[in-house]
Amino acid sequence: MVRLGKHTSPDRPRPGAYLLGVAFVLALAIGLAACGGGSSSTSSSTSDSSETASAGSVEGGSSAKLAAFEKKVEQVIAERSGPQTEGPPTTGPKAASGKSAYIIACSQALEGCQRESVAAKEAGEAIGWNMTLYDTESKPDKMVEGVQRAIDNHANGIIVQAIDMSALAAPLEKAKSSGATIVCFACVNDNEIAAQVIPSEQSFYEDGYAIAAQMFKNTDGHPRILVISNKETGVIVKRLEGTEKFVEECRVAGGDCEIVDEQFFLYSNMTTAIPELVSVSLGQHPETNAIWMGFDSTEEFVQQGAEQAGVSKEDVGLYGFDGNKSNIANIREGGWEVATMAGPFEWVGWAEVDALNRVFNGEEPVEEVVKAKLITKENAPANDIYDGDGANFEGVYKKVWGVG
């Protein structure tokens, strides 16, 4: 099977220089040593860049524009794979007493939902509140039921985990009217229902852009991307928008980036739908060298589809979001997945409780610095958990609340 811009990972030999139209620029000019991950696989030199920059135009834009774009790619990778340098807020109100909160979790069967939900429960109990974790199992009727239970039990706070505000607009508006404060992880804050969204909606767009930058680097500037995703969650849509923006900028700069296919599934049928979607698409698009996964819990089923299509991990790399333990292990061990945007889920749970506590004390939530990190084999944590690079969030929050 012939593939353009064969996928490479940091521990595999990279192919030689590549062509874009009549001429191309080799301009990955900046290193990543100052910022961490991704430094060992840079394949071109400053002298190469300066020589080809004067070679004239390439298809879709000048070589100077392409050189500038490639420099931006390296900057994005350096920034997003580098260490988390900011921590939780160190000042704030003491613990509000006598409060209760419901955690409306998307599905405890999915690690990307389970970890922050459990952390939020632990944080709420540490601050002295009555906490209830309600598993909706990703079922719309149970999502509504969970919010109604919170209303019926006069919960002071509601923490929504990875469920769109639009899916719960009516019951959440009712809860807000009854006096409950709402915070949310990984959601689009329709109608400003939530007092705070962690992390920001914009961050998911930026995550999508960053993962595309890593695809560009790993394919020597020839990403041929198959999107396997879900449209039921707004933040996943934003991730895809970020990747699509990267591809657009690449092409405007004269680069050779392409999304060859987009296939979408429903949560309800993802275990059976994904392998077939992947297998069929790879058969139709043998040039594919990167598979974009809307969230990491789909990796097993994407891999199944790739294997059914007779594709090897040397030809196609998997790229995801969330950074579940098994996915980071897969990356660290040189498996099918080669990069993910990993979230510090436990930190998220504690930050949600801090946001509620500030509102309960008559203050505005602070802008949180919680963000995902670009994880590759070069910087994958040994314990397969991204925790914010050792940020002592539990200790910091407890000190702020006066409970530790």
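Here is how the numbers come out for the structure above:
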| read-out | value |
| --- | --- |
| Of all DSSP beta bridges in the chain, antiparallel share, percent nearest 5 | 10 percent |
| Counted charge near E206, where neighbours are those whose Cβ lies closer than 14 Å (Asp, Glu -1; Lys, Arg +1) | +1 |
| Charged-residue dipole, Cβ positions (Lys, Arg, Asp, Glu), segment 294-388 about Cα centre, Debye nearest 20 | 180 debye |
| Three-way shape label, segment 131-179, alpha-carbon gyration tensor, a/c 1.5 | oblate |
| Charge tally in the Cβ shell below 12 Å around E248, where Lys, Arg are +1 and Asp, Glu are -1, E248 excluded | -2 |
| Prolate/oblate/rounded label for segment 346-404 (Cα gyration tensor, a/c 1.5) | prolate |
| Fewest-first sequence of Y102, Y134 by Cβ atoms within 10 Å of each Cβ | Y134, Y102 |
| Only Lys, Arg (+1) and Asp, Glu (-1) charged, at Cβ; the chain dipole about Cα centre in debye | 420 debye |
| Cα gyration tensor category, rounded, prolate or oblate, for segment 300-356 with a/c compared to 1.5 | prolate |
| Simple spin-label estimate for Q75 and S166 in nanometres, 7 Å along Cα-Cβ | 3.3 nm |
| Backbone HN-Hα couplings from phi across segment 335-351 [Karplus 6.51/-1.76/1.60, Hz, Gly and Pro as x] | x, 5, 7, 10, 6, 8, 9, 8, x, x, 4, 5, 4, 4, x, 5, 5 |
| Counted charge near W292, where neighbours are those whose Cβ lies closer than 9 Å (Asp, Glu -1; Lys, Arg +1) | 0 |
| Exposure proxy ranking, count of Cβ atoms within 10 Å, fewest first, for D261, D256 | D261, D256 |
| Translational diffusion of the chain, µm² s⁻¹ [Kirkwood Rh, Cα pairs; Stokes-Einstein; 4 °C; 1.567 mPa s] | 59 µm²/s |
| Nearby lysines by direct alpha-carbon distance to K373 (threshold 21 angstrom, same-chain neighbours under 8 apart not counted) | K71, K72, K217, K238, K245, K325 |
| Gained length - S62 relative to K325, 0.36 nm times residue gap less alpha-carbon distance | 90.4 nm |
| Longest DSSP-loop-exposure-free segment, trypsin sites (Lys or Arg not before Pro), the chain, at most 16 other Cβ within 10 Å | 232-404 |
| Length released on extending from Y267 to D389, taking residue separation times 0.36 nm less the Cα-Cα span | 40.8 nm |
| Label-to-label distance, nm, for residues given as H285 and A109 (7 Å Cα→Cβ offset) | 2.8 nm |
| Segment 283-404, relative contact order in percent, only Cα pairs under 8 angstrom and at least six apart counted | 24 percent |
| Fewest-first ranking of W292, W336, using other Cβ atoms within 10 Å as the exposure measure | W336, W292 |
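We did not get these values from a lab; they are worked out from the coordinates using the rules stated. For clarity, every value in this text was computed on a predicted model and none was experimentally measured. When we count neighbours, we look across all protein chains shown, and the Cβ atoms used for this are built from the backbone with ideal geometry, even at glycine.
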